[in-house]
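Okay, structure first, notes after.
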Amino acid sequence: MKFVRVVLILFTASVWPWVMTTQAQTRSDTPDPGSLRADAAAIFLPIAPPLAPRDGASAQRIDLGRRLFFENRVSMDGNISCAFCHSPEKQASDGLPKSIGVFGKENPRNAPSIFNAALNFKQHWRGDRESLEEQAEKSLLGPASFGNPDLATAIAKLKAIPAYGEAFKNAFPNEAEPINSKNWARAIAAFERTLLTPSVFDAFLSGNTTALAPREQAGLRKFIDFGCAGCHNGAGVGGRSFQKFGVQTDYWKETGVETPDKGRADVTKDEADLYVFKVPELRNVARTAPYFHDGAVDDLTRAVRIMAKTQLGRTLSDADAGEIVAFLGALTGQVPTNYSPPDPYPDAQEHK
Ligand code: HEC
Ligand code: HEC
């Protein structure tokens with residue numbers, strides 16, 4: 001222990017003058033947009049809105065998925081749909097520290113935005129869902145989401161709504177019994193894959209170096225140089241790996257929570273996964289407060305400071321934090337036009 005501390009002090013003493021000079025340099029330099037873009041293009045990937053589906057069945061499947069996403073009659077109390085917690089008004093999140101589901105039950109964690117979730121390598125904070133399909137199917141049973149005791153109960157509710165008979169048949173032609181939980185999941189996942197939200201950052205990455213304001217560019221430079229991009233990278237600016245929350249210092253001492261979530265260790269039962277979480281995507285992050293898996297932090301600037309401290313052992317100046325937050329604001333895209341409840345099926349169909 002003592003040895004480690006001495007080494008740390010020696011290390012800190014030897015790099016400190018270097019840290020100070022690089023800080024001074026980054027502060028006075030306005031980044032050169034051309035080389036900043038080249039650096040960024042090697043780390044991140046631009047996203048584009050998805051192309052329209054080529055065949056009829058996929059279009060029907062996406063349309064059905066949209067309906068199912070906004071459908072509350074499959075939940076045990078009849079009030080909860082996916083959109084209840086992933087709301088169009090809240091950038092596909094819910095604005096709560098922890099979500100409230102069926103019969104007012106509290107979820108153990110915060111609801112992430114599902115925009116661009118198709119880019120995640122796994123789903124959920126602890127990566128305990130492999131795919132969008134697995135996520136959507138298991139939502140039917142979540143005691144604090146839809147609350148069905150089993151899949152048969154959920155599917156019976158779906159079958160009792162006449163208009164779905166036709167809709168599932170069109171979306172899954174050639175299937176004898178298309179209304180089942182697998183197809184519920186496939187349709188919803190197909191809809192979710194359309195929910196990509198490009199922003200001015202993508203225009204910048206694609207070569208328009210004036211798409212980001214100077215302050216946003218300064219923030220991007222620091223996001224890269226300080227090491228944030230070591231974890232938050234790729235098309236989603238995250239969503240590609242598991243990392244410990246609290247590499248340098250215990251996270252709960254910074255966020256102030258009293259009962260820390262053990263993260264992935266509770267899923268894998270492996271000590272090495274203690275306090276490990278999926279690195280979240282930062283697309284739309286300026287609109288999805290509160291932050292972290294437990295929604296412990298309301299303010300983005302504070303969340304950024306906590307990240308610098310816990311993950312990189314760095315204390316940010318007000319100027320650094322402000323610029324990084326400005327850059328994160330440039331990751332906000334538009335709510336896709338199809339992210340809204342569809343018109344109800346015509347009455348004739350509904351009461352056939
Ligand atoms: C009661 C609120 C609630 C409902 C209803 C709900 N979700 Fe979620 N959703 C959450 C919470 C909370 C999480 C995070 C869970 C975790 O990580 O343990 C989440 C996570 C997700 C994720 C993973 C996102 C990521 O970045 O990891 C996806 C995708 C998702 N939900 C889609 C859906 C779909 C589709 C439905 C409907 C079938 C649905 N949700 C219903 C609250 C809800
Ligand atoms: C070693 C990997 C790593 C580094 C470096 C890192 N992060 Fe993170 N970041 C994570 C993880 C893991 C989480 C999820 C924490 C949790 O469980 O709530 C996260 C969460 C976040 C969140 C909250 C997102 C949300 O939706 O709640 C923000 C904002 C963020 N990071 C920004 C940054 C910034 C800015 C930097 C650089 C100063 C940075 N991160 C550096 C791994 C990292």
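The values are calculated or read from the model by the stated rules, or taken from the named source; none is laboratory data. Keep in mind it's a predicted model, so treat the numbers as computed, not measured. Using ideal geometry, Cβ is built from the backbone for each residue, glycine included, and neighbour counts are taken over all protein chains shown.
Just a few scattered comments:
- Subset tally (residues that are more than 16 Å from ligand 1 (Cβ to nearest atom) and in a helix (DSSP H, G or I)) for the range 36-82: 11
- Matching option when the condition is buried (at least 21 other Cβ atoms within 10 Å of the Cβ) and within 16 Å of PHE115 (Cβ to Cβ), among GLU216, GLU192: GLU192
- Out of ALA190, ALA185, one residue alone is within 16 Å of ligand 1 (Cβ to nearest atom) and free of Cβ contacts under 8 Å to residues at least 60 places away in the same chain. It is ALA185.
- Of residues in the range 252-277 being assigned to a loop (DSSP other than H, G, I, E, B) and either of a type in the set (Gly, Ala, Ser) or within 22 Å of the chain's Cα centre (by Cα) (or both), the one nearest to GLN311 (Cα to Cα): TYR275
- Here the helices (runs of 4 or more DSSP H) wholly within the range 284-352 that include at least 2 residues being surrounded by 18 or more Cβ atoms within 10 Å (Cβ to Cβ) and more than 19 Å from the chain's Cα centre (by Cα) are 300-312, 318-329.
- In the range 99-125, of all residues being closer than 22 Å to MET76 by Cα and either within 12 Å of ligand 2 (Cβ to nearest atom) or in the same structural domain as ASP299 (by TED's automatic domain parsing) (or both), the one that is farthest from the chain's Cα centre (by Cα) corresponds to ARG109.
- Meets criteria (within 6 Å of ligand 1 (Cβ to nearest atom), crowded, with 23+ Cβ neighbours inside 10 Å and under 22 Å from THR332 (Cβ atoms)) for ASN116: no
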